[in-house]
Amino acid sequence: FDLAPLGRNLIFNSMRDAVLILDGQHRLLDFNPAAQTLLPVLHKRVVGKEVPELLAETPMIVDALTLEHRSAEFTTGEGSLSRSFEVRTWPLLAAGSKGDKSVGRAVILSDVTAQVQLREELRRRSETDALTGVANRRRFCQALEIECMRFTRGHAPLSLLMIDLDHFKSVNDRYGHPAGDSVLCHVAHLLLSSLRKTDLLARYGGEEFAVLLPETRMEGALVIAERIRRIVGRNTVEAGGESISVSVSVGVASHANDSEVDAEILLKKADLALYRAKTAGRDRVEAL
């Protein structure tokens, strides 16, 4: 009986996670050293004060601590200084009480920054083309589905470009695959420089790229497509001591007036437009 409280006190004070004990009115009753390290405003003189008042300068933490949910996650700071925390709460029941009569809560804040960063990195890798650094086909298809749903709800115009490097096989055959990779990366950079922040560029597969143009009508999509064709055509890639010139064919599809849009149909229209551009001589833009 004498050792049990000592053991609990040792665990409480040595925990890496921050622990706060609150009463039913969100007043601070106790905290461990880890909580004071995380929240320097905490000290013995503030015991009994309401947490929202104590942590008024960090409203995000206040919101997390006062949630009735058992588990939540929040992030503080920005960029490299950001930290993520998981908040878990347990009700404190009065001794000898029956049922769920709670007199307070125990709140544990765990620093999960490393886990969140790993999760975000894995998500980023799963959505990014490893060679060019732009979005991959999976990310593009997800975004296209979302934009199609937005179109159905709000009828904002939506356009799509399918872009193919002309005679890319001959580039690989003549200069080698490393040079071909350099060409793909260079073209991806040129495409990005030709687009708006709201547009999404993806490597759709092989030497084919796709561009999602939200809130863009056919007229605007054609302007962007032609700008892309010209920029790629007048730039060369230096690879392996060689100056390599490339061109692109672009297929354009758009929805503006229909009541709803189907992602698969829009892709097929852009593909067909691209096929027409290639069969008509390449280095050109076709729309459907």
Give just the number: which of (1) modelled with pLDDT under 80; (2) open to solvent by 90 Å² or more (accessible area, probe 1.4 Å) does G79 not satisfy? (2)
Could you tell me whether the stretch 192-205 includes any residue that is over 26 Å from E264 (Cβ atoms) and buried (at least 17 other Cβ atoms within 10 Å of the Cβ)? yes
Are any residues in the stretch 13-29 open to solvent by less than 40 Å² (accessible area, probe 1.4 Å), of a type in the set (A, V, I, L, M, F, W, C) and either in a helix (DSSP H, G or I) or touching a residue at least 60 places away in the same chain (Cβ under 8 Å) (or both), and if so, which ones? A18, V19, L20, I21, L22
Could you count how many residues in the stretch 122-159 are on the phi > 0 side of the Ramachandran plot and at pLDDT below 85? 1
Being small (G, A, S) and surrounded by 15 or more Cβ atoms within 10 Å (Cβ to Cβ) is the filter; apply it to the stretch 131-155 and report the residue that is farthest from L192 (Cα to Cα). A143
From the list R119, R105, which one is surrounded by 12 or more Cβ atoms within 10 Å (Cβ to Cβ), at pLDDT below 90, under 30 Å from F140 (Cβ atoms) and basic (K, R)? R119
Step by step: first the residues of the stretch 196-230, then only those that are assigned to a helix (DSSP H, G or I) and under 17 Å from F168 (Cβ atoms), then the one that is nearest to the chain's Cα centre (by Cα). Which residue is that? I228
Please indicate, with yes or no, whether at least one residue in the stretch 242-263 is touching a Leu at 6+ places or on another chain (Cβ under 8 Å), assigned to a helix (DSSP H, G or I) and more than 12 Å from I163 (Cβ to Cβ). yes
Restricting to the stretch 82-92, and then to whatever is assigned to a strand (DSSP E or B) and touching a Ser or Thr at 6+ places or on another chain (Cβ under 6 Å), can you tell me which residue is most open to solvent (accessible area, probe 1.4 Å)? R83
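The values are calculated or read from the model by the stated rules, or taken from the named source; none is laboratory data. The structure displayed is predicted, hence computed values, not measured ones. Here the Cβ is made from the backbone with ideal geometry for all residues, glycine too, and neighbour counts use every protein chain on show. Note: accessible area is taken over every heavy atom of the protein model, side chains too, but ligands, DNA and RNA are not part of it. Shrake-Rupley method; radii C 1.70, N 1.55, O 1.52, S 1.80 Å.
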